[in-house]
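The values are calculated or read from the model by the stated rules, or taken from the named source; none is laboratory data. What you see is a predicted model, and the numbers here were worked out from it, not measured in a lab. All Cβ positions, even for glycine, are placed from backbone atoms using ideal geometry, and neighbour counts span all protein chains on display.
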Amino acid sequence: MIMDLHNHTVYSYDGQNSPEQIIENAIENGVDVIGITDHQFSIGRRMGEYIKKLSDCREKYSGRIRVLLGLEIGTRPRPDDLFTQDIRGLDYVLFESLDDYRAMDFFEFASWRHRFDCPVGLAHCDIFKMGEMYGVDMPRVLKKENIFWELNTSGNYSCYYDFLTNRKKRDALRSAGVGVSVGSDTHALYEYRHPQLVRANELLESEGFLKPFNIFK
Ligand SMILES: [Zn+2]
């Protein structure tokens, strides 16, 4: 089974394709579960329209691919305006770049994120670097806080190669029981990197990693 839980559409300032184009490309490439995760700050006041559009897509493509309604939330700085928006109906949210020095404090985030009643994950975030920054065993903290981690295959983040080549880190994450998702972080279909997506999914499958949440419900 192939999941791709990080994709951008024209609802993001840096997304170039429609949700339908992203989903149809995924179907053509044999993806089983596709998540659309546009930037919360780009969607702005169109949140209701965004959720409705993705719900319609879920319906339209049902039986061919499972469509999940996601959102990517910036943390540099803390997105205080988020709670003025109605985000009911989302399947999950991703918080990005919490390992950045400009990001909100991780433990502040860990208590704040309980305001969300959907699963929460960390997008393209080097959790081992964060563990050093905060002096904690980050895989254990994520498990305790029920936060999943994304393996981002876009090639823009060194934590992807680090994960592929560092068995000790993979073992630490797996033995802590942290859910791991895979996301291509596609912003335009011409840059879609399918082999990396497959490779990441196969690695997680073969080493027995937990899926991020019940994505086959
Ligand atoms: Zn993204």
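Just to verify a result, which residue in the stretch 92-136, among those that are acidic (Asp, Glu) and away from the ligand (no atom under 16 Å from the Cβ), is surrounded by the most Cβ atoms within 10 Å (Cβ to Cβ)? Full working, then the answer.
Here is the first cut: in the stretch 92-136, the residues acidic (Asp, Glu) are 96, 99-100, 105, 108, 117, 126, 132.
Next, only the ones that are away from the ligand (no atom under 16 Å from the Cβ) stay: 105, 108, 117, 132.
Details: 105: 13, 108: 10, 117: 9, 132: 11.
Per the stated criteria, the residue is 105.
Restricting the stretch 179-202 to residues that are in contact with a helix residue (DSSP H, G or I) (Cβ under 6 Å, 6 or more places away or on another chain) and surrounded by fewer than 24 Cβ atoms within 10 Å (Cβ to Cβ), which is farthest from residue 215 (Cα to Cα)?
First pass over the stretch 179-202, keeping only residues in contact with a helix residue (DSSP H, G or I) (Cβ under 6 Å, 6 or more places away or on another chain): 180, 182, 184, 189.
Now narrow it down to the ones that are surrounded by fewer than 24 Cβ atoms within 10 Å (Cβ to Cβ): 180, 189.
On the way: 180: 12, 189: 24 Å.
So, considering only residues that are in contact with a helix residue (DSSP H, G or I) (Cβ under 6 Å, 6 or more places away or on another chain) and surrounded by fewer than 24 Cβ atoms within 10 Å (Cβ to Cβ), the one farthest from residue 215 (Cα to Cα) is 189.
Residues that are within 16 Å of the ligand (Cβ to nearest atom), within 21 Å of residue 38 (Cβ to Cβ) and assigned to a loop (DSSP other than H, G, I, E, B): does the stretch 171-182 have at least one?
Going through the stretch 171-182, the residues within 16 Å of the ligand (Cβ to nearest atom) turn out to be 181-182.
Next, only the ones that are within 21 Å of residue 38 (Cβ to Cβ) stay: 181-182.
Retained after the next criterion (residues that are assigned to a loop (DSSP other than H, G, I, E, B)): none.
No, because not a single residue in the stretch 171-182 is within 16 Å of the ligand (Cβ to nearest atom), within 21 Å of residue 38 (Cβ to Cβ) and assigned to a loop (DSSP other than H, G, I, E, B).
Taking only the stretch 61-95 into account, find how many residues are closer than 18 Å to residue 34 by Cα, touching a Leu at 6+ places or on another chain (Cβ under 9 Å) and of a type outside the set (A, V, I, L, M, F, W, C).
The qualifying residues number 5.
Six or more apart or on different chains, Cβ atoms under 9 Å: show the pairs whose first residue is in the stretch 87-103 and among the basic types (Lys, Arg) and whose second is assigned to a loop (DSSP other than H, G, I, E, B) and within 16 Å of the ligand (Cβ to nearest atom).
Qualifying pairs under 9 Å: 102/75; 102/76.
Those residues that are farther than 20 Å from residue 4 by Cβ, in contact with a Ser or Thr (Cβ under 7 Å, 6 or more places away or on another chain) and among the small types (Gly, Ala, Ser), I need them from the stretch 43-93; list them, please.
Answer for the stretch 43-93, where residues must be farther than 20 Å from residue 4 by Cβ, in contact with a Ser or Thr (Cβ under 7 Å, 6 or more places away or on another chain) and among the small types (Gly, Ala, Ser): just 89.
Please indicate, with yes or no, whether at least one residue in the stretch 12-30 is assigned to a strand (DSSP E or B), touching a strand residue (DSSP E or B) at 6+ places or on another chain (Cβ under 8 Å) and at pLDDT 95 or above. Show your work before the answer.
As a first pass, look at the stretch 12-30 and keep what is assigned to a strand (DSSP E or B): none.
Checking the stretch 12-30: not a single residue is assigned to a strand (DSSP E or B), touching a strand residue (DSSP E or B) at 6+ places or on another chain (Cβ under 8 Å) and at pLDDT 95 or above.
Could we say that residue 35 is within 16 Å of the ligand (Cβ to nearest atom), buried (at least 18 other Cβ atoms within 10 Å of the Cβ), within 30 Å of residue 139 (Cβ to Cβ) and within 18 Å of the chain's Cα centre (by Cα) here?
Working: within 16 Å of the ligand (Cβ to nearest atom): yes; buried (at least 18 other Cβ atoms within 10 Å of the Cβ): yes; within 30 Å of residue 139 (Cβ to Cβ): yes; within 18 Å of the chain's Cα centre (by Cα): yes.
The answer is yes for residue 35.
What number of residues within the stretch 65-117 satisfy the criterion of being outside any helix (DSSP H, G or I), farther than 24 Å from residue 127 by Cβ and polar (S, T, N, Q)?
Within the stretch 65-117, the first condition is being outside any helix (DSSP H, G or I), and the residues that meet it are 65-79, 85-105, 116-117.
From what's left, farther than 24 Å from residue 127 by Cβ: 65-67, 69, 85-89.
Still in the running and polar (S, T, N, Q): 85.
Number satisfying all stated conditions: 1.
Tell me whether the stretch 140-151 contains one or more residues that are part of a helix (DSSP H, G or I), surrounded by fewer than 15 Cβ atoms within 10 Å (Cβ to Cβ), more than 16 Å from the ligand (Cβ to nearest atom) and β-branched (Val, Ile, Thr).
Of the residues in the stretch 140-151, the ones part of a helix (DSSP H, G or I) are 140-145.
Adding the requirement that they be surrounded by fewer than 15 Cβ atoms within 10 Å (Cβ to Cβ) leaves 144.
Then drop every residue that is not more than 16 Å from the ligand (Cβ to nearest atom), which leaves 144.
Then drop every residue that is not β-branched (Val, Ile, Thr), which leaves none.
No; the residues of the stretch 140-151 include none that is part of a helix (DSSP H, G or I), surrounded by fewer than 15 Cβ atoms within 10 Å (Cβ to Cβ), more than 16 Å from the ligand (Cβ to nearest atom) and β-branched (Val, Ile, Thr).
Which of the following residues is under 24 Å from residue 177 (Cα atoms) and touching a Pro at 6+ places or on another chain (Cβ under 9 Å): 67, 93, 136? Spell out the reasoning first.
On the way: 67 fails: under 24 Å from residue 177 (Cα atoms); 136 fails: touching a Pro at 6+ places or on another chain (Cβ under 9 Å).
None of the other options fit; the residue is 93.
Could you tell me whether residue 122 is in contact with a helix residue (DSSP H, G or I) (Cβ under 8 Å, 6 or more places away or on another chain) and not in a helix (DSSP H, G or I)?
yes
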